[in-house]
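First the structure, in the form of structure tokens, and then the observations on it.
The values are calculated or read from the model by the stated rules, or taken from the named source; none is laboratory data. Fair warning: this is a prediction, and the values are worked out from it, not measured in the lab. Cβ placement follows ideal geometry from the backbone for every residue including glycine, while neighbour counts extend to all protein chains displayed. Note: accessible area is taken over every heavy atom of the protein model, side chains too, but ligands, DNA and RNA are not part of it. Shrake-Rupley method; radii C 1.70, N 1.55, O 1.52, S 1.80 Å.
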Amino acid sequence: MGRYAGKKAVVTGGTTGMGLATVKALLEGGAEVLLTGLNEKNLEAARRELGPRAHVVRSDTASLADIDALGRAVQEKLGEVDFVFINAGFARFGTLEQVTEAVYDQTFGINTKGAFFTAQRLAPLVRKGGAFVFTTSVADLMGSPGLSVYSGAKAAVRSFAQVFAAELLPRGIRVNVVSPGFIKTPTMGVSGASPEDLAAFEQEGNTVTPMKRIGTVEEVARAALFLAFEATFTTGVELPVDGGLTQVHLPNH
Ligand SMILES: NC(=O)c1ccc[n+]([C@@H]2O[C@H](COP(=O)([O-])OP(=O)(O)OC[C@H]3O[C@@H](n4cnc5c(N)ncnc54)[C@H](OP(=O)(O)O)[C@@H]3O)[C@@H](O)[C@H]2O)c1
């Protein structure tokens, strides 16, 4: 019997990267999972690759109409759920001078407004004793050039999660956050990154991370699932999964 047998979960942004790794770990453990994404190619690949306990739904997390439809799909396919992973995200580099209103709105629309209203729509479907986990980023604690809008968008999500943890406590629902550092995903978290950009991020991550390597999607999935199912005395925290990047200072670094 798998460790997640009989469990039901929703993963937004579950078609690639750390979302997909979390979906796979849940399925391997015996859970039933509804996952979302937007890109048709990624949705199709997930439909082909994942088995009958996976429900793949196209849903733009920046759209309130899509979030409402997602709520109906979750109700119809799963009913009550044990775990909601609000993981869909978007980043684009731009300095203070470069950021346009469109990029600002898109960044907050996907990361912040999407996270908020997905939680609002799905909270009534989470059973007593269930859990939410959100994905933020180490960027919300660091002053990284070119990431002001993304950092602010994720910092808001961290604050939402703390308040939701308080508001959902009476229903026995825990709310926590994973905060990844440099993680090897198809985008490394940055939309539109070229192969050269990806190689440069990877090299930077291998250099600046105290563990001297970037992380894997499985490492983030394990942390998210720990917060969801094992951390029964933990709510309102943001757990860094970053090889020490935000917590450890090495002299001569
Ligand atoms: N990789 C890193 O180093 C890193 C570091 C810190 C934080 N993060 C955060 O970690 C999370 C996952 O990132 P990742 O690198 O694993 O994957 P990613 O390639 O950046 O994609 C994120 C996921 O979000 C989905 N998504 C994007 N826009 C969406 C929208 N409007 N509606 C619905 N889904 C949407 C994508 O689906 P489609 O492909 O189908 O559009 C994909 O499944 C994000 O929140 C990201 O900000 C990543």
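Each label point was placed 7 Å from the Cα along the Cα-to-Cβ direction; for MET142 and VAL99 their separation is 1.8 nm. When only the Cβ of Lys, Arg, Asp and Glu is charged (+1, +1, -1, -1), the dipole of the chain relative to its Cα centre reaches about 820 debye. Note on the chain: helix-only mean residue ellipticity at 222 nm, from DSSP H runs of 4+ residues weighted -39500 (n - 2.57) and normalised by residue number, equals -12000 deg cm²/dmol. Between helix 148-168 and the chain there is an angle of about 30 degrees, using the helix long axis and the longest principal axis of the Cα atoms. Each residue was assigned an accessible area with a 1.4 Å probe, and for VAL99 the value is about 50 Å². Backbone phi angles across the range 114-130, fed through the Karplus curve with coefficients 6.51, -1.76 and 1.60 (θ = phi - 60°), yield HN-Hα couplings of x, 5, 4, 6, 5, 4, 4, 6, 8, 3, x, 8, 7, 6, 4, x, x Hz in residue order; Gly and Pro are listed as x.
For the chain, set up a Gaussian network in which alpha carbons nearer than 10 Å are linked by springs, and say which option among PRO210, PRO240, PRO170 fluctuates the most. In this elastic network of the chain, the residue with the biggest mean-square fluctuation among PRO210, PRO240, PRO170 is PRO170.
Give me the percent relative contact order of the range 176-232, please, defined on Cα pairs under 8 angstrom at least 6 residues apart.
Details: 40 pairs, mean separation 24.9, N = 57.
After rounding, I find 44 percent.
Across all Cα atoms of the chain, the radius of gyration (one decimal) and Dmax (whole number) stand at 17.3, 56 Å. For the range 1-109, what does the alpha-carbon gyration tensor say about shape, rounded, prolate or oblate, given a ≥ b ≥ c as the root eigenvalues, a/c under 1.5 as rounded, and a/b over b/c as prolate? Prolate.
Compute the helix-to-body angle for 17-28: its Cα long axis versus the longest principal axis of the chain, expressed 0 to 90° and rounded to tens. It is inclined by approximately 30 degrees.
Check each of the GluC sites (Glu not before Pro) in the range 56-143 and keep only those in coil by DSSP with at most 10 other C-beta atoms within 10 angstrom; list them in order.
Those that pass, being in a loop and sparsely packed, are GLU97.
Build a GNM of the chain with springs between Cα atoms under 10 Å apart, and of ALA224, ALA193, ALA131 the one that fluctuates most is ALA193.
When you restrict to C-alpha pairs under 8 Å that are six or more residues apart and normalise by the size of the chain, the relative contact order lands at 19 percent. In loop segments of the range 171-206 as defined by DSSP, there are no trypsin sites (Lys or Arg not before Pro) with at most 16 further C-beta atoms inside 10 Å of their C-beta. A simple spin-label model places pseudo-atoms 7 Å from Cα toward Cβ; at THR207 and ARG53 they are separated by 4.4 nm. Annotation for the range 25-74: trypsin sites (Lys or Arg not before Pro) lying in DSSP loop with at most 15 further Cβ atoms inside 10 Å of their Cβ are ARG53. Across the options LEU27, PHE182, ALA65, the greatest Cα extent toward the positive end of the charge dipole of the chain (unit charges at beta carbon of Lys, Arg, Asp, Glu) belongs to LEU27. Centre-to-centre, using Cα atoms only, the range 174-212 and the range 80-115 are separated by 16 Å. Among GLY172, GLY19, GLY236, the residue with the largest mean-square fluctuation in a Gaussian network model of the chain, with springs joining Cα atoms closer than 10 Å, is GLY172. Remark: the range 42-51, residue by residue, has Karplus-estimated 3J(HN,Hα) of 5, 5, 5, 4, 5, 4, 5, 7, 8, x Hz, where x stands for each Gly or Pro and the curve is 6.51 cos²θ - 1.76 cosθ + 1.60 at θ = phi - 60°.
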